[in-house]
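See below for the structure under consideration.
The values are calculated or read from the model by the stated rules, or taken from the named source; none is laboratory data. For clarity, every value in this text was computed on a predicted model and none was experimentally measured. Cβ placement follows ideal geometry from the backbone for every residue including glycine, while neighbour counts extend to all protein chains displayed.
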Amino acid sequence: MKKILVALVLGFSIISIACADNERISRNLGDLPADARTVINKEFANTKVSYIKIDKDLFKSTTYEVQFVNGTEITFDSKGNWIEVDCQRSEVPAAFVPAQIKKQVNDMFPGEKVTKIEKESRYYDVELGNDIDIKFDKNFKIKKVD
């Protein structure tokens with residue numbers, strides 16, 4: 001029994017190591033899911049793609065990280081839904097920022113722009129141009145300000 005358990009653990013370890021680095025680089029927008037291509041064509045039509053990092057994880061789904069030549073980065077899940085938009089010091093396009101979040105940011109920090117937004121199933125994480133980080137729950141209530 002002990003030999004079988006050791007063999008299973010060893011086999012699983014070898015498979016995990018072999019599949020651990022399933023990352024590739026592309027410049028072809030055709031490698032993205034259709035919804036991701038639609039978002040890029042609509043929101044970043046005038047911005048050139050530098051590269052696309054495609055990460056296929058053994059236990060997770062595929063993620064697509066699109067890096068633009070101006071430094072903006074957008075990450076999509078395997079279905080083409082955006083997960084994170086990081087515009088460095090530029091403003092995140094309005095289509096990514098829910099109106100409730102935009103209003104609260106404008107009320108609390110007039111004149112500040114959202115430079116990064118991350119969307120998870122239970123929260124939104126927003127970074128402003130002044131490096132303030134605000135975490136909102138799924139109902140757009142502020143949970144944390146750093």
For the subset of region 110-146 comprising residues that are among the basic types (Lys, Arg), within 20 Å of the chain's Cα centre (by Cα) and not in a strand (DSSP E or B), which member is nearest to Val69 (Cα to Cα)? Lys113
Just wondering, is there one or more residues in region 123-145 that are modelled with pLDDT of 95 or more, out of contact with any Lys or Arg (no Cβ under 8 Å at 6 or more places or on another chain), within 18 Å of Phe76 (Cα to Cα) and aliphatic (A, V, I, L, M)? no
For region 36-67, enumerate the residues that are closer than 17 Å to Val114 by Cβ and in contact with a strand residue (DSSP E or B) (Cβ under 8 Å, 6 or more places away or on another chain). Val39, Phe44
If you check every pair at least six apart or on different chains, which have Cβ atoms under 7 Å apart with a residue in region 49-62 that is among the small types (Gly, Ala, Ser) first and a residue that is assigned to a loop (DSSP other than H, G, I, E, B) second? Ser50/Val69; Ser61/Asp77; Ser61/Ser78
